[in-house]
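The structure appears below as structure tokens.
Throughout, read-outs are computed from the coordinates displayed, never taken from laboratory work. It should be emphasised that the depicted structure is a prediction, and the values quoted were computed from it without experimental measurement. Backbone-built Cβ (ideal geometry, glycine too); neighbour counts: all protein chains shown.
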Amino acid sequence: MITKEQLAQLKQAAKVAYQNAHAPYSKFHVGAAALTEEGNVVAGCNVENASYGLTVCAERNCIANAVVNGEKQFRTIVIYTEQEKLTPPCGACRQVIAEFFSMSSSVFAVNHLDNIKEWKLSELLPDAFTPDDL
Ligand code: THU
């Protein structure tokens, strides 16, 4: 279970990351923050490139940031945008989340209007191909 306080802390970290997004092409800023099994908060933002296809989403940068710091197990991830319609993780990010999170983990989308949506990873990526399949 994620507490209200943990969720608020993750939202704040995702919002700070959102402000650092490099999104000059789409102008669509995204921030993400994850809670690791060890209780640390890690964040990431989307980083676009003039060669558009090299863009990396906030969720994947957030997870990579944790891996760089030696953490590979996570409890939850929060995606922050300032869109009225909450932003769900893209397909590629769902696959990367499934590499490191249990399928029963919650994924949250939040925005500046205090709207929130929660999914279980198993809902976002049913019948996922995971390390257990190898
Ligand atoms: N984006 C994310 O960072 N996460 C998602 O789950 C959806 C899309 C980014 C990629 C690109 O920089 C911009 O949003 C528009 O697609």
Practice task
Give a residue-ordered list of calculated ³J(HN,Hα) values for the stretch 122-134 (Karplus: 6.51 cos²θ - 1.76 cosθ + 1.60, θ = phi - 60°; whole Hz; x for Gly, Pro).
Solution key: 4, 6, 6, 9, x, 6, 5, 8, 10, x, 5, 7, 8
Practice task
Multiply the residue gap between Val68 and Thr3 by 0.36 nm, knock off their C-alpha separation, and tell me the result in nm, one decimal place.
Solution key: 20.8 nm
Exercise for the section: Taking a cut-off of 19 Å between Cα atoms, list the aspartates and glutamates near Lys11, but don't count ones fewer than 8 places away on the same chain. Expected result: Glu37, Glu38, Glu59, Glu82, Glu84, Asp114, Glu118
Completion exercise
Residue-ordered couplings for the stretch 59-73, obtained by feeding phi - 60° into the Karplus form 6.51 cos²θ - 1.76 cosθ + 1.60 and rounding to whole Hz (Gly and Pro as x), are 4, 5, 5, 4, 5, 4, 4, 5, 4, 4, 8, x, 10, 10, 10
Fill in the blank from the handout: the chain: antiparallel bridges as % of DSSP beta bridges, rounded to 5, reads 70
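Over all directions, the average projected area of the alpha-carbon convex hull for the stretch 9-57 comes to how many nm²?
About 3.5 nm², averaged over all directions.
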Problem - Label point distance in nm, Glu38-Tyr52, each placed 7 Å from Cα along Cα→Cβ - result: 3.9
Problem - For the chain: relative contact order, % (alpha-carbon pairs under 8 angstrom, 6 or more apart) - result: 19
Problem - Full-extension gain in nm, Leu113 to Leu134, via 0.36 nm per residue minus C-alpha separation - result: 3.4 nm
Problem - Nearby lysines by direct alpha-carbon distance to Lys15 (threshold 18 angstrom, same-chain neighbours under 8 apart not counted) - result: Lys4, Lys27, Lys85, Lys117
Problem - Local net charge near Gln73, Cβ-Cβ under 15 Å (Lys/Arg +1, Asp/Glu -1) - result: -3
Exercise for the section: Please express the Cα-Cα pair-distance distribution P(r) of the stretch 1-110 as a list of whole percents, one per 10 Å bin, running from 0 to the bin with the greatest distance. Expected result: 16, 52, 28, 4, 0
Completion exercise
Taking every other residue with Cβ under 14 Å from the Cβ of Glu123 and scoring Lys and Arg +1, Asp and Glu -1, one gets +1
Problem - Cα-centre dipole for the stretch 10-60 with unit charges at Cβ (Lys and Arg positive, Asp and Glu negative), debye to 20 - result: 240
Handout entry: Dipole magnitude (debye, nearest 20) for the chain, charges at Cβ of Lys, Arg, Asp, Glu
Key = 320
